[in-house]
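Enquirer: Take this structure first; my questions come after.
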Amino acid sequence: MSKPACLTFRVPMCDPADTAGVAALFDAGRIRPEEVVAVLGKTEGNGCVNDFTRGYATMALRGLLAARLGVAPAATAHVPMVMSGGTEGGLSPHFLVFAVRRDGTSPAADGAALAIGVTTTRSFAPWELGRMAQLRETAEAVRRAMADAAIAGPQDVHLVQIKCPLLTQAKIDAARQAGRDTCTDDTYASMGFSRGASALGVAVALGELAEDRLSDAVIDHDHGLWSARASTSAGSEIDHVELIVLGNSAGWDGDEAIAHAVMQDGIDAGAMHDVLDRLGMAPVRGQLADADRARIRAV
């Protein structure tokens, strides 16, 4: 029985509804719509509570995928589409498409290869956001995704990308009407609480933190508690957590692999050099060599 292979494709996005780059992948036969398992996107929105570009891009992508599969957009809900706003500086809007090929045509891996697992949690009540309920559900979801990806252990996980919900004023009002409180009454601050609960859930699942060290009181308050492998983004377009687990596994084929390092600040080039070293690339002095630059699919 052949092993699956994870394929990644980075395509540009001219505006939040621009799915032409993804459509071109299908039209050229580089991937089939049914092979798509997740999409990460970076839009030019403001990244705040009122950033409509995240939901707009997700709607456009689901429309494209549904049309190619011949199903309703709701039938694509099993495919996480993690959109993050804000492309100031060195970023430009883009999609990163993950596909899984199972036909045995991918190159055999020399050891472990890139592996991907995806899942979602249940929907959360407003009073659960940013609290231990969200943390525990996220931890369990990470474990499910690891098992789905045949990743042997936490040491083989290099990135858990999460999209999590936030509190809108309507959700805060609904909680009050139900006689419940929320982690905050500030919709913008709720993004931090939700991201924090999600990241700490990753830390628990990967053995970075013991759950008995955590409580509602420390989430988004004790910044000495964190995960080295969680990347979290909050948005108003969902009410559950969607997550993508990326690691390396001997159960996968293909010519891609992943590595990670933690940056100590926004210009920590040393951390990037560590990642390149772990991927077997030549030492960097200034810029990457042309051959190595061509090997990088995404950062």
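The values are calculated or read from the model by the stated rules, or taken from the named source; none is laboratory data. Keep in mind that what you see is a predicted model, and the values were worked out from it rather than measured. Quick reminder, even Gly has a Cβ in these numbers, built from the backbone with ideal geometry, and neighbours come from all protein chains shown. Protein only, heavy atoms only, side chains kept; ligands, DNA and RNA dropped before computing areas. Shrake-Rupley method; radii C 1.70, N 1.55, O 1.52, S 1.80 Å.
Enquirer: So, in segment 140-149, exactly how many residues are surrounded by fewer than 19 Cβ atoms within 10 Å (Cβ to Cβ) and of a type outside the set (Asp, Glu)?
Expert: 3
Enquirer: Hey, GLU211 hits all of (1) touching a residue at least 24 places away in the same chain (Cβ under 8 Å); (2) within 20 Å of the chain's Cα centre (by Cα); (3) open to solvent by 30 Å² or more (accessible area, probe 1.4 Å) but one; which does it fall short on?
Expert: (2)
Enquirer: Kindly provide the set of residues from segment 150-190 that are within 20 Å of VAL82 (Cα to Cα), out of contact with any Leu (no Cβ under 7 Å at 6 or more places or on another chain) and either assigned to a strand (DSSP E or B) or open to solvent by 50 Å² or more (accessible area, probe 1.4 Å) (or both), ordered by number.
Expert: LYS163, CYS164, TYR188
Enquirer: Could we say that VAL49 is within 19 Å of the chain's Cα centre (by Cα) and either open to solvent by 30 Å² or more (accessible area, probe 1.4 Å) or of a type in the set (Lys, Arg) (or both) here?
Expert: Working: within 19 Å of the chain's Cα centre (by Cα): yes; either open to solvent by 30 Å² or more (accessible area, probe 1.4 Å) or of a type in the set (Lys, Arg) (or both): yes.
In short, yes.
Enquirer: Taking LEU61 as the residue in question, decide whether it is more than 20 Å from SER231 (Cβ to Cβ), modelled with pLDDT of 95 or more and not in a strand (DSSP E or B). If you could, list the steps in order and put the result at the bottom.
Expert: Numbers: more than 20 Å from SER231 (Cβ to Cβ): no; modelled with pLDDT of 95 or more: yes; not in a strand (DSSP E or B): yes.
So LEU61 does not fit the description; no.
Enquirer: Something else about it: Can you report the number of residues in segment 225-284 which are among the small types (Gly, Ala, Ser) and under 19 Å from GLY41 (Cα atoms)? Steps first, answer last, please.
Expert: Looking only at segment 225-284, we keep the residues that are among the small types (Gly, Ala, Ser), and these are 227-228, 230-231, 233-236, 247, 249-251, 254, 257, 259, 261, 266, 269-271, 280, 282.
Of the ones still in play, those that are also under 19 Å from GLY41 (Cα atoms) are 230-231, 233-236.
Matching residues across segment 225-284 total 6.
Enquirer: Pick out the one residue from HIS240, HIS260 that is part of a loop (DSSP other than H, G, I, E, B), closer than 23 Å to LEU206 by Cβ, open to solvent by less than 60 Å² (accessible area, probe 1.4 Å) and touching a Cys at 6+ places or on another chain (Cβ under 9 Å). So that I can check it myself, show each step before the final result.
Expert: Details: HIS260 fails: touching a Cys at 6+ places or on another chain (Cβ under 9 Å).
Selected residue: HIS240, the only one of HIS240, HIS260 that is part of a loop (DSSP other than H, G, I, E, B), closer than 23 Å to LEU206 by Cβ, open to solvent by less than 60 Å² (accessible area, probe 1.4 Å) and touching a Cys at 6+ places or on another chain (Cβ under 9 Å).
Enquirer: Output the number of the condition that LEU276 fails; it satisfies all remaining conditions of (1) at pLDDT 95 or above; (2) over 17 Å from GLN134 (Cβ atoms); (3) of a type outside the set (Gly, Ala, Ser).
Expert: So the condition that LEU276 fails would be (1).
Enquirer: Kindly establish whether ARG195 is open to solvent by 50 Å² or more (accessible area, probe 1.4 Å) and either touching a Phe, Trp or Tyr at 6+ places or on another chain (Cβ under 8 Å) or in a strand (DSSP E or B) (or both).
Expert: For ARG195, the condition - open to solvent by 50 Å² or more (accessible area, probe 1.4 Å) and either touching a Phe, Trp or Tyr at 6+ places or on another chain (Cβ under 8 Å) or in a strand (DSSP E or B) (or both) - is not met.
Enquirer: Of the conditions (1) assigned to a loop (DSSP other than H, G, I, E, B); (2) of a type in the set (D, E, K, R); (3) at negative phi, ASP277 satisfies every one except a single condition; which number is it?
Expert: Exception for ASP277: condition (1).
Enquirer: State all residues of segment 56-84 that are open to solvent by less than 60 Å² (accessible area, probe 1.4 Å) and under 15 Å from ASP18 (Cβ atoms); if no residue qualifies, say none.
Expert: Selection gives ALA57, THR58, ALA60, LEU61, ARG62, GLY63, LEU64, LEU65, MET81, MET83.
Enquirer: Could you list all residues from segment 23-44 that are touching a residue at least 24 places away in the same chain (Cβ under 8 Å), more than 18 Å from the chain's Cα centre (by Cα) and either over 25 Å from THR119 (Cα atoms) or part of a helix (DSSP H, G or I) (or both)?
Expert: The answer is ALA23, LEU25, PHE26, PRO33, GLU34.
Enquirer: Evaluate the following for GLY130: is it open to solvent by 30 Å² or more (accessible area, probe 1.4 Å), assigned to a loop (DSSP other than H, G, I, E, B) and not acidic (Asp, Glu)? Write out each step before concluding.
Expert: Values: open to solvent by 30 Å² or more (accessible area, probe 1.4 Å): no; assigned to a loop (DSSP other than H, G, I, E, B): yes; not acidic (Asp, Glu): yes.
So GLY130 does not fit the description; no.
Enquirer: Can you tell me which residue among ALA109, ALA57, ALA77, ALA99 is over 18 Å from the mean Cα position of the chain (by Cα) and of a type in the set (A, V, I, L, M)? Full working, then the answer.
Expert: Numbers: ALA57 fails: over 18 Å from the mean Cα position of the chain (by Cα); ALA77 fails: over 18 Å from the mean Cα position of the chain (by Cα); ALA99 fails: over 18 Å from the mean Cα position of the chain (by Cα).
On inspection, the qualifying residue turns out to be ALA109.
Enquirer: Of these, ALA67, ALA74, which one is outside any loop (DSSP other than H, G, I, E, B), farther than 27 Å from ARG295 by Cβ and at pLDDT below 95? Write out each step before concluding.
Expert: Working: ALA67 fails: at pLDDT below 95.
None of the others qualify; the one that does is ALA74.
Enquirer: I need the full set of residues from segment 64-90 which are over 21 Å from GLY117 (Cα atoms) and in contact (Cβ under 8 Å) with a residue 40 or more places away in the chain, in order please.
Expert: Passing the criteria: LEU64, ARG68, GLY85, GLY86, THR87.
Enquirer: State whether one or more residues within segment 264-282 are touching a residue at least 60 places away in the same chain (Cβ under 8 Å) and open to solvent by 30 Å² or more (accessible area, probe 1.4 Å).
Expert: Initially, segment 264-282 is screened for residues touching a residue at least 60 places away in the same chain (Cβ under 8 Å), giving none.
No; the residues of segment 264-282 include none that is touching a residue at least 60 places away in the same chain (Cβ under 8 Å) and open to solvent by 30 Å² or more (accessible area, probe 1.4 Å).
Enquirer: In addition: Condition test on ALA217, is it of a type in the set (A, V, I, L, M), free of Cβ contacts under 8 Å to residues at least 12 places away in the same chain and open to solvent by 20 Å² or more (accessible area, probe 1.4 Å)?
Expert: yes
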